[in-house]
There are 2 protein chains.
Amino acid sequence: MASMTTEMKLIDMERKNISFSVEELTNIIDGSREETAIRRRVEHIIENDPVLKHKSLLHMSREERFTESIRRTVYFLKTLCPRMGWTSQSREARYFERALKERSFVVHSGAFVPSMKSFGTKEQAEKWHKLAANLNIIGTYAQTELGHGTFLRGLETVATYDRATQEFVINCPRISAMKWWPGEMGKSANHVFLMAELVIDGKKYGMHGFMVQIRDLTTHEPLPGVTVGDIGTKVSFETVDNGFLYLRSVRVPRENLLSKLAQVAPDGTYTKKASDRLMYGSMVRLRVGLLGSEVVMPLSKACTIAVRYSAVRRQGLLDPNKDEVPVLNYVSQQHKLLPQVATAYVANFASKQLIKMYVIFLKKVDSGDIEQLPELHALSAGLKAMLTEQSTMGAEILRRACGGHGYSYGSGLPFIVNRMLASCTYEGENTVMYLQCARYLMKCADKARDKKLTGTVAYLNDSSSGVCPARTSDDFLSLNILMKCYENRAKCVIQQAASKLQQKIRSGLPMHNAWNMVAPFLIRAAKEHIMQYLVETSCKFVNDLTCSDPVKKILTQLCALYALHHINNSPGDFITNGCLNSAQCDIAHDTEVYLLGILRPDAVGIVDAFDFTDDILQSCLGAYDGNVYERLFEWAKEAPMNRTEVHQDSYQLLRPYLHKGRDVLEGAAKSKL
Amino acid sequence: MASMTTEMKLIDMERKNISFSVEELTNIIDGSREETAIRRRVEHIIENDPVLKHKSLLHMSREERFTESIRRTVYFLKTLCPRMGWTSQSREARYFERALKERSFVVHSGAFVPSMKSFGTKEQAEKWHKLAANLNIIGTYAQTELGHGTFLRGLETVATYDRATQEFVINCPRISAMKWWPGEMGKSANHVFLMAELVIDGKKYGMHGFMVQIRDLTTHEPLPGVTVGDIGTKVSFETVDNGFLYLRSVRVPRENLLSKLAQVAPDGTYTKKASDRLMYGSMVRLRVGLLGSEVVMPLSKACTIAVRYSAVRRQGLLDPNKDEVPVLNYVSQQHKLLPQVATAYVANFASKQLIKMYVIFLKKVDSGDIEQLPELHALSAGLKAMLTEQSTMGAEILRRACGGHGYSYGSGLPFIVNRMLASCTYEGENTVMYLQCARYLMKCADKARDKKLTGTVAYLNDSSSGVCPARTSDDFLSLNILMKCYENRAKCVIQQAASKLQQKIRSGLPMHNAWNMVAPFLIRAAKEHIMQYLVETSCKFVNDLTCSDPVKKILTQLCALYALHHINNSPGDFITNGCLNSAQCDIAHDTEVYLLGILRPDAVGIVDAFDFTDDILQSCLGAYDGNVYERLFEWAKEAPMNRTEVHQDSYQLLRPYLHKGRDVLEGAAKSKL
């Protein structure tokens, strides 16, 4: 790859025309110049470590990948981290995920280890936490069952207290009750934090957490009564042994009930010690946490790949008298790519604001104040649903925008999309999340009649006219006008859903039926509330930002593009509620197209600012230097099918027929001579 | 699986409540009672054939699957078909695809073999056709290149005529010029039908088709100058060796230019013999053909799986005082599933109408009349784009509607979705397709001013008022009213796009720039034209159908649901153009929810009518008997990771740490004793 290819020259030219400081934007994305430096240091060390250095996982079988990922993770946790002095508390920790790309024991470290402290007494935490943190036991969080996911109260696994032996007897009463899906449970874990219905003397006490050993500590064989294994191929997560666990009369000592919230005395007396609402807190934590690593990061990667490739992929004649042009020059292509780039920025800013809010909440919890929990629960549920949905769809749009090559794993995009798809289902299925958010909104709408609302729903108080004053494209570039549009729409739609619900109840339906009948409207209300939050939060973030003018301009345009794109994509509720009229919708459309043209020259810079190294991107199409075609060719040549020129197994099946063809063709050739 | 599980009882009950004859509906879907019988016979023979009988491909490596698929295909073509007297002309042929699930040599049979007759002279066809049809040569259609897909004129491969030897010298001048993607090219094909720029004495003559031998007829090794191989992992199509082909000074005799459309004399004289427009005809054929097998069938499968599973999957309490209910009882779930079921029916009826139109067109072509080609080209391009897009999105909605299990390959859904995704890109990338359709529409809009339009654009003549008369839910259940709504919207949006285009041109922009600037509006115009076609065609099909009242009722409701769902999903253009007002939109929403409730009791029957055997569905969630959980468990147990209880390779990495944990835990236990 000595001389510069046409593609390399093209991307080089793009970079010469960037109007702002890419480094400054990178620092804003990271949070500060210092954070960028720490992140780069972690990435540099990991990328250059001889053991962790990239080895293409794509050409391995699933089992090879599974083992290789464990090898890397164990090395990372037990060798590299101690050597560097990195712990899960150190500032470097937040960049491990990004730099390592694939790692094992994410559930172990992210759910099992912290649950010792969240659910255990001080004594229990002391016993288990250190063992778990040191990989001396491997555990997982065993909650979902074959027949039950999001609906916690429906779980069927039972832990019955046996007073005689002071043990809990754990049973999955039917096949559908077996634990199913927990990551790392199939082959790795020898312990599980198990959620089961506690039963004492025939009385049910609801879901409780138990520490259950499932594999022998010496041989790693499953213990008696335990049937455990891998649940088979999934769309992605090849390196994770999501598992099934079927327990039949498995006994654990009384001390293995994690007893911070409730305890069982030797004689079977049950004592409640703290509110179950704390359990919601840990759900909120998981949902807040996943937005960065499972939504913002992969979407930003996909944007980087698709924009860079579109800058070098020449196809078609825009002007019939000139040469082929990069597809990025087509408005239809900009219309696919740039709104997704805007989404990546908006999601980044909004999820950062959510984390800030969560940190403040945690401080309040320490002083016993959990008043904000319902708001935070609703917001994190809704944001989780909306951002996973939008980003997954965005990544798929970007994948398709890369044409045929987007379908090849060499593009790096299928890996990203397939993994993101799961985020729409895990940690709370999205529809359920919207409905939980809507439940909070309906309560707020109710309250708003005689009380002033605060926080993220304060806009529901506003009784000013909902008519948008915009008359020109310039007006529609104003973030204040756009914020107001979204506020007005959300307010109307929430009120509308509330009145539909009331109407059904007044007509005599019981609440649960009424709720079911208006579910599609409730979901819409939740979505439009969250859209309001996203537009407002990101616009305010950008408004308040101290930075250079060119960067401010780009970020303002990205926020406007995000808001306009979603107005134009579904103007329905803006119009029917009188927030916008037809003429304004027409201007909004034109303004979006105008913005695409304005952002086009900076597109490569805007994705460069995400600052992914080639090693992290793992994409032939997205590499920094633009040399896409040579990379794809090199990548393809490594495919296992190309180990030999002739694929013997399949060829043998065809050989007799092909030899007959040879005889005909060569016979004909001879007779011709 | 002796006694009936709860799930089996649930689906049994569903079937007892079906209001119509499932068999009658199946016959309508198939076309007639006789067609159903032929289809079932083919399926029965293939499912019970000892060689073809299902063997789970999912737990095989890609290479095992590749070889297994070739083994089955060769057996099918060379043993079973001759035994049964089946040929590609026989009526049974249209059901091979469905019954076989995965087969090899689809490009060979579907594109290479017919191209001998389409592009070759009678003599050439005689030489090559029989060899290819008998698998005595394996070929593929080598058109797309690493750097070029849909834009045909950009292809870079060159065939230069050498008068001295009467040969063509074929070269890929740069890496991006190598052929890339053709199915079956990587390992199987020993010939390709190659599209290359013909050059004689330095003059370019455009794209022509050449027969090029690429592998040795005896050893199957690549010939000198040929670099060929598999392009690596893709999202799906594991059994297809999509390939790359890099040709450097490869010589083929003059006779290998397929010369039906043009020929080169020994002295290099070039003669055009027929119109290139005939090439469009073959593109239309491929696009018409793929809708049934790659859109309607997989979407129908996904519907079957998701609806059946939703009928047995109990989760959550609708009424807090009662038992858990099947998720199909939730309106939010119905709102995900039933519109996709409606889409499967609409796509079925519309693609059948398109085939009818194409057959009539072919008859006219025989008498030299190709007047209808532009209309058919535009329609097939737009329908290909719209139906692949809608169905792919629909299948993904259905996959997510199955919760976590939808992410497992055991559900059968990832296999369906991953394969469908490709259809949005192959045979013409969807955005390009919409724009080609729009080009035709813009010409029509222009013509409509002084000429009466006929055929699929005739509605553009109509100058009646666009205001919808609907005032009640009953009105919105009328197919005539719905058809009119879509007509009016399409008419307005097409006229709007045309006037935006004119405006840009009047402002002084050259046509190509104007076209680029308004591309998003042109795409919308094409989409809404196609939606109009889909709604009208399917409604008319149902209106004209002779069948029992209950079946008529169901089909009418499905058409109405389809039309209403898309109004409610994007009411924007209906409102801004004055086709519907806010109050009507509100009624349309309520009517959709009402329809969901009406269709709910028949949902299982409506998907049963697609008549997929368990063997064809390949889904633990979608099997006819509803016994989902035992099937998932049985399937998971077969996963390669479960061959041994302890996964030794990964366990060895953890053992030292886990043994330390054992020492701590057992030490503690001992000291306690």
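Worth a mention:
- Within the range B:397-476, the trypsin sites (Lys or Arg not before Pro) that combine a DSSP coil assignment with at most 15 other C-beta atoms in a 10 angstrom radius are B:Arg449, B:Lys451, B:Lys452, B:Arg471.
- Cα-based radius of gyration of the protein assembly as shown once divided by 2.2 N^0.38 Å, which approximates compact folds: 0.93
- Anisotropy class assigned to the range A:1-124 is oblate, per the alpha carbon gyration tensor with a/c at or over the 1.5 cut-off and a/b no larger than b/c.
- If the segment from A:Asn480 to A:Asp366 were pulled out straight at 0.36 nm per residue, it would be longer than the present Cα-Cα gap by 37.4 nm.
- Gyration tensor (alpha-carbon) shape descriptor, chain A, a/c threshold 1.5: oblate
- DSSP-loop trypsin sites (Lys or Arg not before Pro) across the range B:223-291, with at most 12 other Cβ within 10 angstrom: B:Lys273
- Label 7 Å beyond Cα on the Cβ vector: B:Asn134 copy-to-copy distances, nm: 7.5
- Lysine pairs meeting the criterion (Cα under 22 Å, 8 or more apart or interchain), as found in the range B:533-673: 4
- Three-way shape label, the range A:276-424, alpha-carbon gyration tensor, a/c 1.5: prolate
- Helical content of chain A, expressed as a calculated mean residue ellipticity at 222 nm, amounts to -17000 deg cm²/dmol (DSSP H runs of 4 or more residues, -39,500 (n - 2.57) each, divided by residue number, nearest 500).
- Debye equation applied to the C-alpha atoms of the range B:61-113, log10 I(q)/I(0) at 0.28 Å⁻¹: -1.28
- Computed FRET value (nearest 0.05) for B:Lys322 with A:Glu23, which takes r as the C-beta separation and R₀ as 60 Å: 0.45
- The range A:595-666, dipole about Cα centre (Lys/Arg Cβ +1, Asp/Glu Cβ -1), debye to the nearest 20: 500
- Positive-end extreme of charge dipole, chain A - chosen from A:Trp635, A:Thr456, A:Ala669 (charges on Cβ): A:Thr456
- Computed log₁₀ I(q)/I(0) - Debye formula, equal Cα scatterers, no solvent, the range B:477-632, q 0.08, 0.14, 0.17 Å⁻¹: -0.37, -0.83, -1.01
- Cβ-based net charge around B:Gly622, under 9 Å, with every Lys or Arg adding one and every Asp or Glu removing one: +1
- Close Lys-Lys pairs in the range B:116-204, where close means Cα under 18 Å and separation is 8 or more or interchain: 4
- With 26 Å as the limit, the listed pairs B:Lys16/B:Lys301; B:Lys53/B:Lys78; A:Lys484/B:Lys500 have A:Lys484/B:Lys500 beyond it between alpha carbons.
- At least 27 Å along the helix axis (C-alpha) and Kyte average at least 0.0, DSSP helices within chain B: B:331-366, B:373-400, B:519-544, B:549-569
- Counted by Cβ distance under 14 Å from B:Ser507, the other residues give a net charge of +2, where Lys and Arg count +1 and Asp and Glu count -1.
- The slack between A:Thr165 and A:Gln502, meaning 0.36 nm per residue of separation minus the straight C-alpha distance, is 115.9 nm.
- Here A:Lys491 is the anchor, and the aspartates and glutamates within straight C-alpha reach of less than 13 Å, apart from those fewer than 8 places off in the same chain, are A:Asp446, A:Asp462, A:Glu528, A:Asp573.
- At 7 Å out from Cα toward Cβ: B:Ser367 inter-copy label distances (nm, ascending): 9.1
- Extension gain for A:Ser548 to A:Lys130 (0.36 nm times residue separation, less C-alpha to C-alpha distance): 145.8 nm.
- Other residues with beta-carbon under 9 Å from the beta-carbon of B:Arg400 carry, at +1 per Lys or Arg and -1 per Asp or Glu, a net charge of 0.
- When the Cα positions of A:Ala438, A:Ser478, A:Ala422 are compared along the charge dipole of the range A:407-488, A:Ala438 comes out farthest toward the positive end, with charges on each C-beta of Lys, Arg, Asp and Glu.
- Measuring spread by the Cα atoms of the range A:372-527 yields a radius of gyration and Dmax of 19.1, 59 Å.
- Under 24 Å between alpha carbons - lysine pairs in the range B:317-450 that sit 8 or more apart or on different chains: 11
- Selection of trypsin sites (Lys or Arg not before Pro), the range A:309-375, meeting DSSP coil and at most 16 other Cβ within 10 Å: A:Lys322
- Label spacing, shortest first and in nm, from B:Lys451 to its equivalents in the remaining copies (7 angstrom along Cα→Cβ): 7.0
- Hypothetical label at B:Ser282: residues of the range B:141-160 whose amide nitrogen lies under 14 Å (7 Å Cα-Cβ projection): B:141-144
- The relative contact order of chain A, computed from alpha carbon pairs under 8 Å that lie at least 6 residues apart in sequence, is 15 percent.
- Normalising the average separation of contacting C-alpha pairs (under 8 angstrom, six or more residues apart) by the number of residues puts the relative contact order of the range A:351-510 at 18 percent.
- Bridgeable aspartates and glutamates around A:Lys260 (alpha carbons under 20 Å apart, same-chain partners fewer than 8 residues away excluded): A:Glu123, A:Glu126, A:Glu167, A:Glu197, A:Asp276, A:Asp366, A:Asp369.
A short reminder: the numbers here are calculations on the coordinates, not readings from a lab. Small disclaimer: the values here were computed from a predicted structure and weren't measured. Heads up, the Cβs are rebuilt from the backbone with ideal geometry, glycines too, and the neighbour counts pull from every protein chain shown.
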